[in-house]
Amino acid sequence: MATAAACASSLLAPPSSAGPAAASSALFPTSVPSLRAYPRLLLAFRRPAAAAVADPQGAAVLDDEPAEDDEAPVQFEDVNDDYEDGYGGRGPAFTAPTRPRTGKAALPLKRDRTRSKRYLEIQKLRESKKEYDVPAALSLMKQVANTRFVESAEAHFRMNLDPKYNDQQLRATVNLPKGTGQTVKIAVLTQGEKIDEARAAGADIVGSDDLIEQIKGGFMEFDKLIASPDMMPKVASLGKILGPRGLMPNPKAGTVSPNITQAIDEFKKGKVEFRVDKTGIAHIPFGKVNFPEEDLIANFMAVVRSIERNKPSGAKGIYWKTAYVCSSMGPSIKLNIKEMLDYGADSSN
């Protein structure tokens, strides 16, 4: 019986008949073998011990029954008999290389995560799906804030607003009656006699053209920048520097005012600027967790009344979607919207 190599050579050899017709048929075959023939030919060379028989279409078919005078087939240990290569033979399985996971995909699944002792203790105190009223929520917020530093009290409101429309933008300020608990460093841009007024009112940094040049050079050692209206043409050149940091003076935020003394006094006492982000959520700090509960409630309800009072004209449907309070390192506590608004109406009366 012919070997696989001999069978393959016989398939590729030109016909033995003489004459010009035979030569032309050899050079220009009338029928092209199917593409499946070539992988089978390669398979025939790969398994030299198996007999290859040519079928009428030019493909090499393996004969699994060796003749009596043939030698015993060679055994390949690296061949996986449980895997078929798709061409009638068997071969080693192909394992696709795996890429290392990065970003969020590299984080362990929730069932595999190990939580800290502090997290587990907090979960025993809080019911995740429960909606609390204002006093209970602020009391729980103070209870779960047990870090080594004094955390800030934060309110997060999801409003039914789309800020890409001009009539649905919410940007305003609120005067917290009990203060923010933080020391605010204020810089003032003005000129003339108002420089002395700003210093007397308690401004930390006061300047004119010299302060503008310092800001262009990278000076940012202040939390609020207040400017008088006559300085705004010069302040416009600082837009690319102050705008991304949220420090650009703006009349809506109360940082552009002809009464410099009043503006400084308000921000020193606890005036807070807020606005909704591109997703329609307002993030507002309203004090520290070491404040008494009565002070936190007073500051929180002042924030709620300010948002209600500055409702945009383009707001449609339900204005309030969700409301949460939390500390800087604590879990969020969901509020009942109806009880929150009713509590605000009762406290205002």
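The values are calculated or read from the model by the stated rules, or taken from the named source; none is laboratory data. As the structure is a prediction and not an experimental result, all values here were calculated from the model. Every residue, glycine among them, receives a Cβ derived from its backbone with ideal geometry; neighbour counts consider all protein chains shown. Please note that ligands, DNA and RNA were not included when accessible areas were found on the heavy atoms of the full protein model with its side chains. Shrake-Rupley method; radii C 1.70, N 1.55, O 1.52, S 1.80 Å.
Here are the numbers for this structure:
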quantity: Filter result (polar (S, T, N, Q) and in a helix (DSSP H, G or I)) within segment 183-233; calculated: Gln214
quantity: Hits in segment 255-307 (condition: part of a loop (DSSP other than H, G, I, E, B) and either at positive phi or among the charged types (D, E, K, R) (or both)); calculated: Gly270, Asp277, Lys278, Gly280
quantity: Count of residues meeting criterion [under 26 Å from Thr147 (Cβ atoms), open to solvent by less than 30 Å² (accessible area, probe 1.4 Å) and β-branched (Val, Ile, Thr)] in segment 256-296; calculated: 3
quantity: Members of segment 308-333 found to be outside any loop (DSSP other than H, G, I, E, B) and open to solvent by 10 Å² or more (accessible area, probe 1.4 Å), listed by number; calculated: Glu308, Arg309, Trp320, Lys321, Thr322, Tyr324, Cys326
quantity: All positions within segment 234-254 that are more than 18 Å from Gly192 (Cβ to Cβ) and part of a loop (DSSP other than H, G, I, E, B); calculated: Gly243, Pro244, Arg245, Gly246, Leu247, Met248, Asn250, Pro251, Lys252, Ala253, Gly254
quantity: Of the criteria (1) open to solvent by 70 Å² or more (accessible area, probe 1.4 Å); (2) at pLDDT 90 or above; (3) in contact with a strand residue (DSSP E or B) (Cβ under 8 Å, 6 or more places away or on another chain), which one Leu341 fails; calculated: (1)
quantity: Set Val188, Val184, Val235, Val150: member being more than 29 Å from the chain's Cα centre (by Cα), in contact (Cβ under 8 Å) with a residue 24 or more places away in the chain, over 26 Å from Leu341 (Cβ atoms) and open to solvent by 20 Å² or more (accessible area, probe 1.4 Å); calculated: Val184
quantity: Total residues in segment 154-185, condition touching a Pro at 6+ places or on another chain (Cβ under 7 Å) and either over 16 Å from Phe300 (Cβ atoms) or not acidic (Asp, Glu) (or both); calculated: 6
